[in-house]
Amino acid sequence: MNHASPTMRLGRIRAFSRAATVVVATMALLAGVTGGALAQSPAASVAPAPSVAPLPSAGPDALRIVTTTTVFADIVRNVAREHANVVSIIPAGVGPEDYEPKPGDAQLLADADLIVSNGAGLDDFLQELLESGTGGQTPQLVLGDGVPTLMFDGEVNPHFWLDPSLVAQYYVPSIIGALSTVDPTHGADYGNYGSAYTGQLVQLDTELQAIVATIPEANRKLVTFHDAYPYLAEHYGFELVGVILENVGAEPTAGELAALVEKVKAAGVKAVFSESQFNPELAQALADEAGITTVVTNLYNDALGETEADTYESMMRLDIERMADALR
Amino acid sequence: MTHNPAAVELDEVSAGYGDRLALADVSLRVLPGSLLAVVGPNGAGKSTLLKVMAGLLRPVSGRLEVLGQPVGKAARRVAYLPQAEAVDWQFPVAVADVVMMGRYPLIGIGRRPTSIDRDHVQQALETVRMTAFRGRQIGALSGGQRRRVFLARALAAEPDLFLLDEPVTGVDATTQEDLMDVLEAQARAGRTVVASTHDLLCAAQRFHEAAFINGRVIATGPAHLVLDQRLLAQTYGGHVLILQGEGGTALALDDAHHHDQAPGHESHFHDGARG
């Protein structure tokens, strides 16, 4: 094998990290690239998630709800069912951290009956949009308010929803509350639908625990592309060894990457994970450097997928299955 | 509106699903503090009437005011309880959480329940005698216990108007008595209760007023009129059977039945004519 010098390698990594920050804004163009890498990944053999019955479509009197991301749109849809049309500002396959608002977004917000965001720094573009537009009077639900937070790298980490027990315990009740407030006529329905969805999430969590239990305890170590998984790691008992991009848009320095390589080697990590919304080559480069042969490039977390992982529940199943397949 | 606003006022309201009208030209005035039974045969439009009042079904025509406002505007002060059969209760949610859902419209967006909300939940559970079950899963309860919990959820919302679809159908006698005691206390406190029921004896004995419905309003009046044979015959057409008991009291059943010759002790009314 041709051993490139660490310096050369790190130079290459830095170039890709610059590319990755651009990737976020031009995701559709790169979806094909990611998809190609995905087809060769060892996790591609994972069985597809069980299909879920489609939610009933909303009528003309339905509420108009706008969410920042596709993940929250799916969760809200499960509580509102036929009583709301739910639209995500950011499309499937695109992450929120670097989202650049489009001209139509302000109008979408101005026409909404309820605006749903995560907060905790995930979707700050929303506040800018609201300040510049006319949606400032629309009722707003910030899902992350009140959720017990974990710090990651000195900041509150916003990825609460990647722990389904937090979605069941915090997101769903606050969605039921917001919908019942905006539309009290259907309050009983929101309570019932939300409770039924809570039941699904509890079942999902039980399933995911069982999948994680198949991973040898010593192998439950994660190295991921960005800092999406502290809540998931805490809940399912993974050790979070490190992330490649500590902040989307902020390049890791050569020193940081060299340190990560050392950390990953020392911890005996079995696989490196990246996400469908990012260019996978940076993760591949880190794996090469640390002598890791398994690179999974198709996790989902900030955005649902367009073809697979197109609901919150199927996304969670797919992530945990792919993690388990790579770490067993 | 007049200086004495009705809790619910329908003026020539027609409503239905698709092309089929379930209710035609219904005019009805329900005063605050009423305990009103809506009676009528299957398919008479009782559920439709409650859904229209709850703002869940938009009338095809007519005018409708609820708590002095256009329907929907006062929705926060209205508690609607659908027929028990309409919902799947197999999900794992605790009794107290179900009752707390009644508080949500009052709590506001993005806020979490406070001790005041928890007190209301506790009180509502006491009222329906379900305090001991507060931590139990809703799916593990009997039908009668669930009915108590859902009434507690309605109570926790502190509504001025209760709209209840068959609240005492299919529950045991003790539960029925307890639930009616709760509703009666609410009416005495000035709140308005409108409930559909198949149980004509319960309607006659436990409600204060009755509305006879069969696609339209046949009659409204004091609840004891429920046992008026002429009104029953008019409301139920061929589907009423009146048994003359030992003490001369009449027992009326809403029940389809067939016969060639009525037994001697029964009076049958078919489309208004004794048969």
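The values are calculated or read from the model by the stated rules, or taken from the named source; none is laboratory data. Owing to the predicted nature of the structure, the values given are computational and were not obtained by experimental measurement. So basically every Cβ, Gly included, is an ideal-geometry build from the backbone, and we count neighbours across all protein chains shown.
Quick check on residue B:45: is it more than 14 Å from chain A (Cβ to nearest Cβ), surrounded by 20 or more Cβ atoms within 10 Å (Cβ to Cβ) and more than 24 Å from residue B:184 (Cβ to Cβ)? When the stated conditions are applied, residue B:45 passes them. Scanning region B:80-96 for residues that are within 8 Å of chain A (Cβ to nearest Cβ) and modelled with pLDDT of 90 or more gives B:80, B:81.
Does region B:211-229 contain at least one residue that is modelled with pLDDT of 95 or more and closer than 25 Å to residue B:148 by Cα? The answer is yes, given that some residue of region B:211-229 is modelled with pLDDT of 95 or more and closer than 25 Å to residue B:148 by Cα. Set side by side, the residues A:187, A:144 differ, and just one is of a type in the set (Gly, Ala, Ser), touching a strand residue (DSSP E or B) at 6+ places or on another chain (Cβ under 9 Å) and within 30 Å of residue B:58 (Cα to Cα), which is A:187. Residue count for region A:174-189 satisfying the condition of being more than 8 Å from chain B (Cβ to nearest Cβ) and at pLDDT below 95: 1.
All told, residue B:63 falls short of being basic (Lys, Arg), crowded, with 21+ Cβ neighbours inside 10 Å and modelled with pLDDT of 90 or more.
Consider region A:77-101. How many of its residues are within 14 Å of chain B (Cβ to nearest Cβ) and under 15 Å from residue A:126 (Cβ atoms)? So that I can check it myself, show each step before the final result.
First, pick out the residues of region A:77-101 that are within 14 Å of chain B (Cβ to nearest Cβ): A:78-83.
So of that shortlist, the ones also under 15 Å from residue A:126 (Cβ atoms) come out as none.
The qualifying residues number 0.
Looking across region A:190-200 at every residue that is polar (S, T, N, Q) and at the interface with chain B (Cβ under 7 Å from one of its Cβ atoms), the one that is farthest from residue A:232 (Cα to Cα) is identified as A:192. Screening the candidates A:297, A:311 for the property of being at pLDDT 95 or above and polar (S, T, N, Q) yields one hit, A:311.
Kindly indicate the residue of region B:104-120 that is within 13 Å of chain A (Cβ to nearest Cβ) and farther than 21 Å from residue A:118 by Cβ and also surrounded by the fewest Cβ atoms within 10 Å (Cβ to Cβ) among those meeting that condition. Let's see the steps before the verdict.
Initially, region B:104-120 is screened for residues within 13 Å of chain A (Cβ to nearest Cβ), giving B:104-114, B:117.
Within this subset, residues satisfying the condition of being farther than 21 Å from residue A:118 by Cβ are B:105-106, B:113-114, B:117.
Values: B:105: 25, B:106: 19, B:113: 17, B:114: 11, B:117: 19.
Of everything passing the filter in region B:104-120, B:114 is surrounded by the fewest Cβ atoms within 10 Å (Cβ to Cβ).
None of A:284, A:203, A:209 is within 14 Å of chain B (Cβ to nearest Cβ), surrounded by fewer than 21 Cβ atoms within 10 Å (Cβ to Cβ) and not hydroxyl-bearing (Ser, Thr, Tyr) except A:203.
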